[in-house]
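S.K.: Below is one structure. I have some questions about it.
Since every read-out is calculated from the coordinates, none of them should be taken as a lab result. In this text, all values refer to a predicted model and were calculated from it rather than measured experimentally. Glycine gets a Cβ as well: all are built from the backbone with ideal geometry, and neighbour counts include every protein chain shown.
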Amino acid sequence: MSSVRVLVGTRKGAFVLTSDGKRKDWQVSGPFFAGWEIYHMKGSEADPERIYVSQTSGWFGQLIQRSDDGGKTWRQPGLPNEAIPPPGPPQALPNRFAYDTAAKPLTTHQWYDGTQHPWEFKRVWHIEPSLTDPDTVYAGVEDAALFRSSDGGENWQEISGLRGHGTGPQWQPGAGGMGLHTIILDATNPQRIYIAISAAGAFRTDDGGVTWKPINKGLVSNFMPNPTAEVGHCVHHVAMHRARPDVLFMQKHWDVMRSDDAGENWREVSGNLPTDFGFAIDVHAHEPETLYVVPIKSDSEHFPLDGKLRVYRSRTGGEEWEPLAKGLPEKDCYVNVLRDAMAVDRLDECGIYFGTTGGQVYASADSGDSWTPIVRDLPAVLSVEGQTLN
Amino acid sequence: MSEGASVSQVRVALPYHLRNLARIEGDVLVEVAPPVTLRAVLDALEAGYPMLRGTIREYETGERRAFLRFFACEEDWSLASPDAELPEAVAAGKEPLLIIGAIAGG
């Protein structure tokens, strides 16, 4: 019988939630890496027992952790868990994210005050394992750059073509920093990768990362001097259904957007949403035109409208949205749902999951019609990922 | 004096999260050949516990991470040259080198 595993990264540790295919009874394990910020954790499609974790701290910096047994045990890739390692310098540097300074000019980026600022590594925001190779994994980092490891996270190299394509001086940090937070791999085309950065926008490579193209035509951001500029947009998240890799859905700072041509052109599909500000967006596992967002009141007030937590679902690829409220707080709810904190599973009846800054993780086993909290009192949830296990 | 006798056993007190990361309890003992400097102690610490690399000193620059401080014999060594010799009491293992996370936030 199939089962599911939900990986939850929080401000104070990682949690693994597991259930059988009914998704009624859940086991909670953790906290792992207690006290550390877990920006993201994600399992490999090629080997679901392989899970990568971004573990970070303002004091101690960035660590990468890996499990090869579905989250039961963890280690920093390439390093011994115990003291007294083999003699000689370590062969693996799993936590080293060094910008490629040897590549073509990588410039500076725009600082909050409009001046130019050098790139400074801060943390890994998002980890995206390869769809086919458990040892290949991508990392999106702040300050925005894309890294890849081909040895299971033991060593990381920057894919410098992204920062090197020329628009870097126009990229600027959003309120939360200048993070590369979205990495989407195309199962039908290994050479194609989509990424998104706050606040630079979305980009695409069709040659495995050598060259990149901004894909922001149609986005309108009124906070920018040129609202339709090629880059500088505060893209919050992008989602894709794997069966239709040319169709993208985006939650921008404001506006929910759609592209039907691999990001070449975007159009707004906010439709009847009560507010189109938000962070999370995802697509149903089996219905490519069914998508989910969590409307947030505004960029000044990061909580649901009227204290009522609502997921909105569109079964028409956008424009027409319905509120999903059954089982969610009806009043006095002032949490946020962050960009990487929504996920789906692939069971026959698609499960939807999202976590809140109030520490709740909600699950729906019926495509969003009804919701129940798996846990209510975790630390603030930064990320949620679902794994469907056979 | 034998070659081994010249090596100092330096005690290092790590903050809670780094003790957990290195899976150790209490102070760490590291062997350091003289001169016993901050750099030499941290080099020995990271060689013995490679999981700590990058958590105390920046990978790229080797500089102290901003929110960590070094103390020895009730003195703040955070801004001292990493090549200055630590106090004799530290080199002799009588006093620990303290690595402390700055108290920040609420």
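S.K.: Taking θ as phi - 60°, what are the ³J(HN,Hα) couplings along the stretch A:59-70 by the Karplus curve (6.51, -1.76, 1.60), each to the nearest whole Hz, with x for Gly and Pro?
M.R.: Taking θ as phi minus 60°, the curve returns 7, 10, x, 9, 10, 10, 10, 9, 10, 10, 9, x Hz for the stretch A:59-70.
S.K.: Now a separate question. Between A:Ser2 and B:Thr61, what is the label-to-label distance in nm when each label sits 7 Å out along the Cα-to-Cβ direction?
M.R.: The answer from the label model is 5.0 nm.
S.K.: Another one. Treating only the Cβ of Lys, Arg, Asp and Glu as charged (+1, +1, -1, -1), what charge dipole size does the stretch B:37-101 show about its Cα centre? Round to the nearest 20 debye. Intermediate results must be reported in sequence, preceding the final value.
M.R.: On the way: 7 positive and 12 negative charges, 52 e Å.
Result for the stretch B:37-101 is approximately 260 debye, rounded to the nearest 20.
S.K.: Okay, next question. Under 21 Å from the Cα of A:Lys217, which lysines turn up, not counting those fewer than eight places away in the same chain?
M.R.: Here the lysines satisfying the reach criterion relative to A:Lys217 are A:Lys252.
S.K.: By count of other Cβ within 10 Å, fewest leading, how are A:Arg376, A:Arg23 ordered? Write out the running numbers ahead of the final one.
M.R.: Details: A:Arg376 11, A:Arg23 22.
Arranged by neighbour count, lowest to highest, A:Arg376, A:Arg23 become A:Arg376, A:Arg23.
S.K.: How many percent of Cα pairs in chain A exceed 41 Å? Spell out each step's value before the answer.
M.R.: On the way: 5671 of 75855 pairs.
Of all Cα-Cα distances in chain A, 7 percent exceed 41 Å.
S.K.: Work from the charge dipole of the stretch B:4-101 (Cβ charges, +1 for Lys and Arg, -1 for Asp and Glu, about the Cα centre) and give the residue of B:Pro34, B:Gly48, B:Val10 farthest towards its positive end.
M.R.: With unit charges placed on the Cβ atoms, the residue in question is B:Gly48.
S.K.: In nm, to one decimal, how far is the modelled label at B:Ala13 from the one at A:Glu230, with both set 7 Å along Cα→Cβ?
M.R.: 5.7
S.K.: With a cap of 12 neighbouring Cβ atoms within 10 Å, and only residues DSSP puts in a loop, list the GluC sites (Glu not before Pro) found in chain B. Write out the running numbers ahead of the final one.
M.R.: Values: sites: B:Glu3, B:Glu25, B:Glu31, B:Glu46, B:Glu58, B:Glu60, B:Glu63, B:Glu74, B:Glu75, B:Glu85, B:Glu88; in loops: B:Glu3, B:Glu25, B:Glu58, B:Glu60, B:Glu63, B:Glu74.
Passing both the DSSP loop test and the Cβ count: B:Glu3, B:Glu25, B:Glu63, B:Glu74.
S.K.: Now a separate question. Could you compute the FRET efficiency for A:His286 and B:Glu31, with r as their C-beta to C-beta distance and R0 at 45 Å, rounded to 0.05?
M.R.: Details: r = 60 Å, r/R0 = 1.34.
For A:His286 and B:Glu31, the calculated efficiency is 0.15.
S.K.: Can you pull out the chymotrypsin sites (Phe, Trp or Tyr not before Pro) in the stretch A:95-198 whose DSSP state is coil and whose Cβ has at most 14 other Cβ atoms within 10 Å? Don't skip to the answer; put the middle values down first.
M.R.: Working: sites: A:Phe97, A:Tyr99, A:Trp111, A:Tyr112, A:Trp119, A:Phe121, A:Trp125, A:Tyr138, A:Phe147, A:Trp156, A:Trp171, A:Tyr194; in loops: A:Phe97, A:Tyr99, A:Trp111, A:Tyr112, A:Trp119, A:Phe121, A:Trp156, A:Trp171.
Those that pass, being in a loop and sparsely packed, are A:Trp111, A:Tyr112.
S.K.: Amide H neighbours of A:Val384 under 5 Å, counting only residues 5+ apart in sequence or on other chains, H built in-plane at 1.01 Å?
M.R.: The answer is A:Gly9, A:Ala341, A:Met342.
S.K.: Which residues' amide hydrogens lie under 5 Å from the amide hydrogen of B:Leu97, considering only partners 5 or more residues apart or on another chain, with H built in the peptide plane?
M.R.: B:Arg11, B:Val12, B:Ala13
S.K.: Tell me which chymotrypsin sites (Phe, Trp or Tyr not before Pro) from the stretch A:220-317 have a DSSP coil assignment and no more than 12 other beta carbons within 10 Å of their own. Please list the in-between numbers first.
M.R.: Working: sites: A:Phe223, A:Phe249, A:Trp254, A:Trp266, A:Phe277, A:Phe279, A:Tyr292, A:Tyr312; in loops: A:Phe223, A:Trp266, A:Phe279.
Passing both the DSSP loop test and the Cβ count: A:Phe223.
S.K.: Also: Check the straight Cα-Cα distances from A:Lys22 and name the aspartates and glutamates below 13 Å, setting aside those fewer than 8 residues away within the same chain.
M.R.: Cα-Cα hits under 13 Å: A:Asp345, A:Asp348, A:Glu349, A:Asp366.
S.K.: Still on this structure, I have one more. Note down the magnitude of the dipole of the protein assembly as shown about its Cα centre, charges +1 on Lys and Arg C-beta and -1 on Asp and Glu C-beta and zero elsewhere, to the nearest 20 debye. Intermediate values should be presented prior to the final figure.
M.R.: Details: 46 positive and 66 negative charges, 104 e Å.
The dipole of the protein assembly as shown has a size of about 500 debye.
S.K.: Nearest 10 degrees, 0 to 90: what angle lies between the long axis of helix B:38-48 and the longest principal axis of chain B (Cα atoms)?
M.R.: With rounding to tens, the tilt is 80 degrees.
S.K.: Whose amide H sits under 5 Å from the amide H of A:Trp36, counting only residues 5 or more places off or on another chain, with H placed in the peptide plane?
M.R.: A:Gly13
S.K.: Continuing with this model, one more query. Please work out the Cα convex hull volume for the stretch B:4-101 and give it in Å³ per residue.
M.R.: Details: hull volume 9.2 nm³, N = 98.
So the per-residue hull volume is 94 Å³.
S.K.: Rounded to whole Å, give me the distance from the Cα center of the stretch A:340-390 to that of the stretch A:281-301.
M.R.: Result: 13 Å between the Cα centres.
S.K.: Please identify which residues in the stretch B:7-42 have an amide N closer than 15 Å to a label point set 7 Å out from the Cα of B:Ser78, following the Cα→Cβ vector.
M.R.: Flagged as within label range: B:15.
S.K.: Using a Förster distance of 30 angstrom, determine the FRET efficiency expected from the C-beta separation of A:Asn390 and A:Glu120, and round it to 0.05. Provide the component values of the computation, followed by the final result.
M.R.: Numbers: r = 43 Å, r/R0 = 1.43.
So the FRET efficiency works out to roughly 0.10.
S.K.: Please compute the length gained on full extension between A:Asp366 and A:Asp100, using 0.36 nm multiplied by the number of residues separating them and subtracting their Cα-Cα distance.
M.R.: Values: separation 266, 0.36 × 266 = 95.76 nm, distance 4.57 nm.
That pair, A:Asp366 and A:Asp100, stretches by 91.2 nm at full extension.
S.K.: What are the ³J(HN,Hα) couplings of the stretch A:366-382, residue after residue, when phi is run through the Karplus curve with 6.51, -1.76, 1.60 and θ = phi - 60°? Round to Hz, x for glycine and proline.
M.R.: For the stretch A:366-382, the Karplus-derived couplings read 9, 6, x, 4, 9, 9, 9, x, 6, 9, 10, 10, 6, x, 3, 8, 9 Hz, x marking Gly and Pro.
S.K.: At what distance in nm do the modelled label points of A:Arg376 and A:Arg315 sit from each other, each positioned 7 Å from its Cα along Cα→Cβ?
M.R.: So the label points at A:Arg376 and A:Arg315 sit 3.2 nm apart.
S.K.: Using θ = phi - 60° and the Karplus form 6.51 cos²θ - 1.76 cosθ + 1.60, what ³J(HN,Hα) does each residue of the stretch A:182-193 get, whole Hz, x for Gly and Pro?
M.R.: 10, 9, 10, 9, 9, 5, 8, 8, x, 7, 9, 9
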